[in-house]
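Data first, discussion second: the structure below is written as structure tokens.
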Amino acid sequence: MQLTPSEVERFYRVWFSLLIYANKRYKVIKKLAEPAEPAKLAIDIHDAIEIRDKVWADDSILDRFVADNPHQLAAEDLALATSWHKRVSSAYFIIFRHLKAYTVFLDDSSPARAYGVLGLKSSFKEICGPNLPVMVQAVLLPFEDKITFDGLLRPYSLIFGGGYRASFNDAYRDAKEREGIITQLGIELSAAEKAEQRSAANQRLLKAFEKYMYQEAGLSPQTVQRHLDVIQVMSGSFLPEHLPEKTLRDIESAHIQHFLNDWLPQHDPKKQKKAHTSLKRFLWFLRDTARVDWDIVQKALDDL
């Protein structure tokens, strides 16, 4: 749940060098003692936050730091600093869950995105304790193929009731189904990788749909499979060919009508009727589990 000791040492070597440089250039904290070795910087957390805020407010500071290289950092360390252009900030993050490999952060976007974040000298479980969720202000940074943070957290003194906790659970479930937990920042996916990501998202949604039909609707295995078969055709054949940038979560009434008119045998009324039933069942699932906006789903149901 945290970087290795050698990675932590490297992080602070680069990070403290950046803070010292920014403070010296912009005179944020006037009496900051500058050690000969940046890694030995002793700085008050409030002073560090003030310099940090200055750095992240203007990307040109990071560029100047890399160009000037005031402490003669190695090329790989400068590359690490450059990668911090791909940092992720949010009005707030919800530290939602401690997992074996990382701690899950939810951002404030809609829909929320989930990040798997590693601690530095301490894990987030040690920093925040086991009682989650916790709301914090933080900046997430890439560290090679991992995600960490800039070492500075501003916690909010809030206690969440049942309603908020339920909404965070829904946001986490939704984020995992949409794109999974993000464990790398700034990665540019190829067209094939994006298609694979959409396919994986559809399969996760179909798994949830299957579970819903068994647990909430109490359907038989044969009926469940029949409904899954129809939606699987939409996911595996129709969407990639006609709507390659869409997932099952993005379907609207016009897409469904296109699917019914062009992809199902018009000469077989029984199959048409069964497909209508399967699509309605799927739309009920999307609506009742709040996975898609209620108005969009209801229009599709009305049109069907």
- Item | Inter-residue pairs, beta-carbon under 9 Å, first at positive phi and in the stretch 62-76, second polar (S, T, N, Q), 6+ apart | 69/17
- Query: residue 75 is checked against (1) modelled with pLDDT under 95; (2) over 15 Å from residue 139 (Cα atoms); (3) loosely packed, with under 12 Cβ neighbours inside 10 Å; (4) small (Gly, Ala, Ser) and fails just one. What number does that condition carry?
  - Reply: (1)
- Message: I need the full set of residues from the stretch 38-60 which are surrounded by 13 or more Cβ atoms within 10 Å (Cβ to Cβ), under 16 Å from residue 138 (Cα atoms) and out of contact with any Lys or Arg (no Cβ under 8 Å at 6 or more places or on another chain), in order please.
- Response: 47, 48, 50, 51, 52, 54, 55
- So which of 122, 109, 167 ends up being under 27 Å from residue 52 (Cβ atoms) and either without any contact (Cβ under 8 Å) to a residue 60 or more places away in the chain or under 20 Å from the mean Cα position of the chain (by Cα) (or both)? 109
- Message: For a quick check of your reading: which helices (runs of 4 or more DSSP H) sit entirely within the stretch 4-78 and have at least 3 residues that are basic (Lys, Arg)?
- Response: 5-26
- Item | Selection from the stretch 177-196 of residues that are surrounded by 15 or more Cβ atoms within 10 Å (Cβ to Cβ) and either without any contact (Cβ under 8 Å) to a residue 12 or more places away in the chain or in a helix (DSSP H, G or I) (or both) | 177, 178, 179
- Scan the stretch 207-224 residue by residue and report those that are in contact with a Phe, Trp or Tyr (Cβ under 9 Å, 6 or more places away or on another chain) and part of a helix (DSSP H, G or I). 208, 209, 212, 213, 221, 224
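Table: residues versus (1) hydroxyl-bearing (Ser, Thr, Tyr); (2) assigned to a loop (DSSP other than H, G, I, E, B).
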residue: 104; (1), (2): no, no
residue: 111; (1), (2): no, yes
residue: 115; (1), (2): yes, no
residue: 125; (1), (2): no, no
residue: 131; (1), (2): no, yes
residue: 136; (1), (2): no, no
residue: 147; (1), (2): no, no
residue: 151; (1), (2): no, yes
residue: 159; (1), (2): no, yes
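The values are calculated or read from the model by the stated rules, or taken from the named source; none is laboratory data. These numbers come from a predicted model, not from an experiment. Note that each Cβ is placed from the backbone with ideal geometry, even for glycine, and that neighbours are counted across all protein chains shown.
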